[in-house]
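The structure's right below; bear with me while I get my questions together.
What follows draws every value from the coordinates through simple rules; no lab data is involved. Owing to the predicted nature of the structure, the values given are computational and were not obtained by experimental measurement. We place every Cβ from the backbone using ideal geometry, glycine too, and count neighbours over all the protein chains shown.
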Amino acid sequence: MASHSDTLVVFFGATAGANGGKLGSDEREIILLVWQIVDLHEKKVGKLHRCLVKPDTLELTDECKEETGLDLDDFLQAEPLDKILQQFQQTVLSELKALGRTSYTLCINSPLIIRQALHPEASKKNLVLPECFFSFVDLRKEFHKCCPNAGPVQKLSLPSMLEYVGLPPVSEQVTGVREVRNMVQLMLHILAEPYNHNISCFETVKYKFESGTCSKTEPVDSETVIRARGLPWQSSDQDIARFFKGLNIAKGGVALCLNAQGRRNGEALVRFINPEHRDLALERHKHHMGSRYIEVYKATGEEFLKIAGGTSNEVAQFLSKENQVIIRMRGLPFTATPQDVLAFLGPESPVTDATEGLLFVKYPDGRPTGDAFVLFSCEEYAQNALKKHKQILGKRYIELFRSTAAEVQQVLNRYMSTPLISTLPPPPIVPVPVLATPPFLPTSSNTRDCVRLRGLPYTAAIEDILEFMGEHTIDIKPHGVHMVLNQQGRPSGDAFIQMKSSDKAFMVAQKCHKKTMKDRYVEVFQCSTEEMSIVLMGGTLNRSGLSPPPCKLPCLSPPTAYAAFPAPAAVLSEAALYQPPLLATPRPPQPTTHSPAHTLAYYPPQPHLYMNMNMNYTAYYPSPPVSPSTVSYFAAPPGAVAAAVAAQPHPAAAASPMLPQHGALVRMQGLPYNTGVKDILSFFQGYQLQPDAVLVLYNLSGQCSGEALVTFPSEKVARQAVAERSNYPFCGQQVCLTLCN
């Protein structure tokens, strides 16, 4: 059998869209394949083959037509990809037999045709690629090893490499034929005198994803990790590996992310074997998994270890069995035993090593959580188990999902780090007279100087809200943040914030609407003080209007209040109970070295006195209002807030709003309702605008209003943009551009 270096098949391909350095980045199908055999031992060259490939979607971009010289009429008689691959294999094997060879290696000028085009397309079309497409030689890397002074690999091209060694390019004009012939003569040249290069670097494509474990102490290079967003919730690690087919994922390198409730949130962290593969993965941004497009972003090694890393010996032993299919069971009765689970799964889906293949998830004190992970030795057994989804065990229906080693680590880490609930003595009950409205709530007003945050994560704290608000925190009134709690005193997912003016509230609602906080997008609406007060007192605010709080109705029993911690046996006055932050006494302001702007009193952590609203008529009640200008939240003023604070000459300046940026505003009207910031930046391409210069406007329902405001660096540039772009179509429709005064 000949060695790999004796026989090469020089291979070239093109797609119906982007080619060259961006080949495969737009998910376009392959339309052209060209190849030629080279016998390196005898220095013979075989017949050159050029085949057109008929894509499923017969459509060529203008760029493709210009680069390849092909038109739609050329593909009327072409064969689909699977037929061309069969033809490739038959012709290559036939020529190998004539040469007396039995094996060969592909030689390509860039890995893009193999990794970014051929493998992803074959995966989507469920085609089985010949074994030769899982190993290849990259001509650029071999040339760089032979001529290291020619420049970095990424910048090498066929013309530059030919010029470096003094070879004239072939005069062929046909796309594909020209590239293959140039590659053949270049390869033969570096293998001959005076270079005498030996081919030694064979790249491979992994056949399948390998599951495995990851220790929290394992070093992970941040240049090898990406975050995939928008995944279907039922996606497994194998589905994600299939999406990145052609790129080599590290062993155990897929970590599905879970939300606060332990459910998948549509994101995953993926670790590749090297930065080159990570960079190719980033080119698959907004490629499709089924009917959904997947967003791909850079991530860090710390983020990956936080999700996938683990230290439990029990988990490590459970996951030590390789090549197993993992199924997660959720909703198990707390009394369920391993034998109950095995009986539920039945003989048609035997568990690996019986009870050794079961891992029950428990709290630190040993109580069961109702979750378990199960190992199966093959896909068939796992499929049989998944058929039991939502069947009954005991008196509960059981959910079954595909899982991953990283998810096992993540779930176990989360439950094992859950603190035990300490037992506190029962709180004393203190009677309190009924008040129509607590004094810390603002006086009702129709001025829309407040914003409502809806859809907050239940774990969100005041600090998270302030971070979410960003530079707008400087415009919040003192004691202007109100968390809305439910009857059990837990966060309801809503909050109200009082701003210094209605204009500030409008800007917050436009800038922060649908921003993400802890994997959830948060809706931000402008509202009035009256609307905020009614909701905080138990009323409701929806699209149908305002409903007054039930406490306005007659025949209500008086509420009571209690102390969350033991308090002296004394009846507190109304004034003491209704201090602005609902604390007994605020601490006076302390001298600080940060800035004279921090002159407001702040309230240190201490036992809170809450109103007991577990009554039959109150739906919600406010948490103690807080001020973002207190030292408690900003040890050092962040970002733009720090700059504003530093510029203030005296404490009174703390209330001064930040000055708007210089420039001119252009108003856009008639935009499509799915318009995003990127669409507007593309429309004004050439004006060097930044994303923060675009403000998409939303209506009260949280939907795009069809308008946007764009800030230009000067009035002259703004007038030029209005004049030049007024007649440009925006996504196929006409928009109105107006220069604002």
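On a full-extension model of 0.36 nm per residue, what is the gain between residue 519 and residue 157, subtracting their alpha-carbon distance, rounded to one decimal in nm?
Working it through step by step, the gained length comes to 126.1 nm.
Would you please give the residues with an amide H less than 5 Å from that of residue 212, counting only those at least 5 places away or on a separate chain, with H modeled from the backbone geometry?
Correct list: 252, 405.
Related question: What pairs from 22/141; 65/141; 125/206; 22/306; 43/145; 251/515 go past 23 Å between their alpha carbons?
Pairs exceeding 23 Å: 65/141; 22/306; 251/515.
Within the stretch 110-202, which GluC sites (Glu not before Pro) sit in a loop by DSSP and count at most 15 neighbouring Cβ atoms inside 10 Å?
On the way: sites: 121, 131, 142, 163, 172, 179; in loops: 172.
Passing sites in the stretch 110-202 are 172.
Non-local amide H neighbours of residue 19 (under 5 Å, H modeled in plane, Pro and chain starts lacking H): which ones?
Close amide H contacts, sequence-distant or interchain: none at all.
Hey, another quick one. Report the GluC sites (Glu not before Pro) located in the stretch 7-54 that are in a DSSP loop and have at most 16 other Cβ atoms inside 10 Å of their Cβ, or state none. Let's see the in-between values first.
Values: sites: 27, 29, 42; in loops: 27, 29, 42.
Of the GluC sites (Glu not before Pro), the ones in loops of the stretch 7-54 whose Cβ has at most 16 other Cβ atoms within 10 Å are 42.
For residue 309, enumerate residues with amide H under 5 Å from its amide H, sequence gap 5+ or separate chain, H modeled in the peptide plane.
none
Oh, and also: Applying the Karplus parametrisation 6.51 cos²θ - 1.76 cosθ + 1.60 with θ = phi - 60° to the phi angles of the stretch 460-474, what ³J(HN,Hα) value in whole Hz is obtained for each residue in order, glycine and proline being reported as x?
5, 10, 4, 4, 5, 5, 5, 5, 4, 6, x, 5, 7, 4, 5
I want to check the label-to-label distance for residue 511 and residue 125. Put each point 7 Å from Cα in the C-beta direction and report it in nm to one decimal.
Label-label distance for residue 511 and residue 125, simple model: 5.0 nm.
Could you tell me which of rounded, prolate or oblate describes the stretch 156-301, using a ≥ b ≥ c as the square roots of the eigenvalues of the alpha-carbon gyration tensor, with rounded for a/c under 1.5 and, failing that, prolate when a/b is larger than b/c and oblate otherwise?
Working: a/c = 3.28, a/b = 2.20, b/c = 1.49.
It is prolate, given that a/c is not under 1.5 and a/b is the larger ratio.
Using DSSP to define loop residues, name the trypsin sites (Lys or Arg not before Pro) in the stretch 90-157 whose beta-carbon has at most 13 other beta-carbon atoms within 10 Å.
125
Calculate, for residue 302 and residue 174, the FRET efficiency according to 1/(1 + (r/R0)^6) with r their C-beta to C-beta distance and R0 60 Å; round to the nearest 0.05.
The value I calculate is 0.75.
Something else about it: Where nothing but the Cβ of Lys and Arg (+1) and of Asp and Glu (-1) is charged, how large is the charge dipole of the stretch 214-310 around its Cα centre, in debye to the nearest 20?
360 debye
Between residue 217 and residue 22, what FRET efficiency follows from the Cβ-Cβ distance if R0 is 30 Å, with the result rounded to 0.05?
Plugging the Cβ-Cβ distance into 1/(1 + (r/R0)^6) gives 0.15.
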